1. Can you give the FRET efficiency to the nearest 0.05 for THR72 and SER37, using r as the Cβ-Cβ distance and R₀ = 22 Å?
2. Among ASP45, ASP108, what is the fewest-to-most ranking by other Cβ atoms within 10 Å?
3. Under 5 Å between amide H atoms, partner at least 5 residues away or on a different chain: which partners does SER94 have, H built in plane at 1.01 Å?
4. In what order do VAL38, VAL225, VAL219 fall by count of nearby beta-carbon atoms within 10 Å, going from fewest to most?
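Please treat every number below as a calculation from the coordinates, not as lab data. Not measured: the values here are computed from a predicted model. Neighbour counts run over all protein chains shown; Cβ positions are idealised from the backbone, glycine included.
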Amino acid sequence: MKLERPVVATAGVAAVIAAIAVAGSTASAGFVSPQLSVAVAVSGDAPQSSTSTSGFRNADGSYLYDGSLTSTSGSSWFVNWNLTGSDTVAEPGSPSITTNFAVGNTGDVTRTFQILVTYAAPVQVAPGTGYAWQTSLSGVLASSNGSMASLVGLLPSMFEGQINGTGVVLNNPSAASTTTASFFGLGVNNYAGPIPNGPNIGTIGYLLSFSLSAHSTAVFNGSWVGTVVPAPGALALFGLMGFAGRYRRG
């Protein structure tokens, strides 16, 4: 599904990248935040990862994590993130993690990116309840030198929502090629099936998989959210929201 959105100036993209790179860099004293892990694999370079338990605690009890990874072999790329995670303290029984990333390919060839996010959000699922999950994903695509920027989701999808390390839903928003900054998406998808490796929730997360053209930047925005509902209500919500495109990895 493609939404027509106003064109965004390239300077605005640069400002977003800078904000994602520096926001929330100070941990809250006295709190150990839930563990967040970000693993990045880029074609032509060695895999890298970052793990943090020192997120900034927001007033609502959620945690803000920021960080970055860059090329170590001269392949010219960067991945910056500014992610907000909610566990059972922030919203009892309703874990969530955002998808705020700035990804740049500053080299001369198209590269593939795989970004795996794992967030510790343990939930003891009460008998007689179910979960409704939703993913949303959109963003901005821009070329840094006036050439054609291209963002393509890798099979099976650009986004795979995960529970307990198992993929349960796919989201593949459209991303038209562009020579200037423009929005891509909005993609929304839902899941209301069983919890893999359940009955309880230990981690939530997602896998972003895509190729990005040379001298291009993609800024992702979205979230992966679980909402606890009584089991009959989960079935009703399933029907109302049109939970199409469910995916369960075998």
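1. Details: r = 18 Å, r/R0 = 0.84.
The pair THR72/SER37 has a calculated efficiency of 0.75.
2. On the way: ASP45 18, ASP108 8.
Result, fewest neighbours first: ASP108, ASP45.
3. Placed amide hydrogens put nothing under 5 Å from SER94.
4. Details: VAL38 23, VAL225 19, VAL219 26.
Lowest count first: VAL225, VAL38, VAL219.
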